[in-house]
Structure formats: structure tokens, C-alpha cells
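Asks: The structure is given below, and queries will be raised subsequently.
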Amino acid sequence: MSNTSSFKLVLLGESAVGKSSLVLQFVKQQFDEYRESTIGAAFLTQTVKVEDGSNVKFEIWDTAGQERYKSLAPMYYRGAQCAVVVYDITNYGSLEKAKSWITELQRQADPDIIIAVCGNKSDLAERRAVTSDQVQKMFEGEEGLLFVETSAKSGDGVQALFTVLAEKLHNS
Ligand code: GTP
Ligand code: MG
């Protein structure tokens, strides 16, 4: 019998960057072209196996990115061991929004929170508006952040993102 530990993970980021799509791809290996914008937040769980055979169970809070739900966010990141802050690689403004979420997490969330900065929609490379240099510059001098690119559409990078987080959480 293998042991399982549970971790609370929160997804944050501007509306339409693909937070719910990332979760759907991670949990069900599915993608919808037409997803409805999240109302309030959604809760899902998914378990992954890490290297030593243990299970890591993610308790995922998929928050709503629309501005009117902004004040709810602390309820979801409070007590979270892990945060995925998502931007859309075709939308520079969404990177700036990601930066402001990181600042808020650094001030208000658990000091040991593990944070990944995720550039989503990598399948839309021809419309790219954010380069890795711009990302580096935006988060210059900040330690411990993980940087990844994903496509919730093709699935590229999605399992890898959650596997890296699971290993980090398991070993922390
Ligand atoms: P809120 O719930 O409003 O905060 O938005 P969200 O961040 O959950 O975005 P959602 O997952 O609803 O996706 C918004 C739109 O982007 C949908 O039409 C998705 O189909 C599309 N989308 C999400 N991820 C990708 C991706 O990786 N590639 C492409 N091409 N489209 C994506
Ligand atoms: Mg959503």
C-alpha cells in the first residue's frame, strides 16, 4: 500500500488565460474550445504518483479571474501550499496581472508556498506577445519561482507542470 499526502493548490490569473482549461486537461485530458468563465471558484482533485511511488493528491481551487471576484481570492490562497499563477502568452497584460498576483501571494499567502508562473496557450506561438526575456525581466530578483509554458489545448507541459509541483511538495 502506498501512502498519500494531500496539498491545497490554487490557480490564479486574469480571466480567459486558461486556468479552468488547464485543470480540465490535467484531471480529464480534455479540452473545450468554448468554456464558460468560472463563477466564484471550482474545486477538483487529482492524484499523481511521484518518483518514490507515493501519491500526491492535489486539492485544486480554480478561481474566477473576472475582476468582480477579486476579493474572494484570499479565501482560496489562504492555507494553500502551492499556487499556479497563469498568464496567456498572447496577452502581455495578463503577464502584468500575473506579476501582481505574485506580489500579493508573497505578502499575504503562506511564506513557504510553492509558486509556479505558467505561460499558457503555447500552441498559439504565432500570436506570441510575451517572450522568455520579458518574463525573466518581470520577475528579476525573485527567488524560488518555477517557470513553465503549457498548452491546455494540446496538453503540452500540463502533466509535467503538476508532476514537478508534486515532487516539490512531496520533498518539502
Ligand atoms: P476565468 O474562469 O474567467 O477566470 O477564465 P479561465 O482562466 O478559467 O479561462 P478558460 O479556461 O475558461 O479559457 C478561456 C478560453 O481560452 C477558452 O475559450 C479556452 O478554450 C481557451 N484556451 C484555454 N487554454 C488554451 C490553450 O492552451 N490554447 C488555446 N488555443 N486556447 C486555450
Ligand atoms: Mg475559469
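Asks: Stretched out fully, how many nm does the piece from R128 to A42 gain, at 0.36 nm a residue minus the Cα gap?
Replies: 28.1 nm
Asks: Another question, then. Based solely on its DSSP helices, what 222 nm [θ] is calculated for the chain when runs of n ≥ 4 H residues each add -39,500 (n - 2.57) and the sum is averaged over all residues, nearest 500 deg cm²/dmol?
Replies: -9000 deg cm²/dmol
Asks: Please label the shape of the stretch 89-172 as rounded, prolate or oblate, based on the square roots a ≥ b ≥ c of the eigenvalues of the alpha-carbon gyration tensor (a/c under 1.5 means rounded; beyond that, a/b larger than b/c means prolate, else oblate).
Replies: Verdict is oblate for the stretch 89-172.
Asks: Under 1.5 on a/c is rounded, so check that first for the stretch 5-90, then, if it is not, pick prolate when a/b is larger than b/c and oblate when it is not; a ≥ b ≥ c are the square roots of the alpha carbon gyration tensor eigenvalues. Don't skip to the end; give the middle numbers.
Replies: Values: a/c = 2.18, a/b = 1.37, b/c = 1.58.
The shape class here is oblate.
Asks: Defining a contact as two alpha carbons under 8 Å apart and six or more residues distant in sequence, what relative contact order in percent does the chain show?
Replies: 27
Asks: For R78, R68, give the ranking by accessible area with the largest first, probe 1.4 Å.
Replies: Listed by decreasing accessible area, they come as R68, R78.
Asks: What fraction, in whole percent, of alpha-carbon pairs in the chain exceed 25 Å separation?
Replies: 26
Asks: Taking R0 as 35 Å, what's the FRET efficiency between R68 and K137 from their Cβ-Cβ distance, rounded to 0.05?
Replies: For R0 = 35 Å, the calculated efficiency reads 0.70.
Asks: A follow-up question, please. Could you pull out every whole DSSP H run in the chain that spans at least 15 Å of Cα extent along its own axis and averages 0.0 or higher on the Kyte-Doolittle scale?
Replies: Values: long enough: 92-108 (24 Å, -1.02); 158-170 (18 Å, 0.88).
Those that clear 15 Å and a mean of 0.0 are 158-170.
Asks: If you place +1 on the Cβ of every Lys and Arg and -1 on the Cβ of every Asp and Glu, how big does the dipole about the Cα centre of the chain come out, in debye to the nearest 20?
Replies: 380
Asks: Here's a follow-up. Please arrange D88, D112 by accessible surface area, largest first, computed with a 1.4 Å probe and ligands excluded. Could you put the intermediate results ahead of the total?
Replies: Working: D88 10, D112 125 Å².
Sorted descending by solvent-accessible area, the residues read D112, D88.
Asks: In the structure shown, do any of K19/K121; K70/K97; K49/K70; K97/K137; K28/K49; K97/K121 have a Cα-Cα gap over 22 Å, and if so which?
Replies: From the list (K19/K121; K70/K97; K49/K70; K97/K137; K28/K49; K97/K121), the Cα-Cα distance tops 22 Å for K49/K70.
Asks: Report for the chain the percent antiparallel among DSSP-assigned beta bridges with both residues inside it, nearest 5. Kindly include the intermediate steps, with their values, before the conclusion.
Replies: Numbers: 9 of 32 bridges.
Bridges in the chain that DSSP calls antiparallel: roughly 30 percent.
Asks: Answer with one residue from V50, T63, C118: the one whose Cα lies farthest towards the positive end of the charge dipole of the chain, charges on Cβ with Lys, Arg +1 and Asp, Glu -1.
Replies: Result: T63.
Asks: Above 16 angstrom, tally the Cα pairs of the stretch 103-143 and express them as a % of all pairs, no decimals.
Replies: Summing the P(r) tail past 16 Å for the stretch 103-143 gives 50 percent.
The values are calculated or read from the model by the stated rules, or taken from the named source; none is laboratory data. Keep in mind the model is a prediction, meaning the values are calculated, not measured. Note that each Cβ is placed from the backbone with ideal geometry, even for glycine, and that neighbours are counted across all protein chains shown. These accessible areas exclude ligands, DNA and RNA; they are computed on the full protein's heavy atoms, side chains included. Shrake-Rupley method; radii C 1.70, N 1.55, O 1.52, S 1.80 Å.
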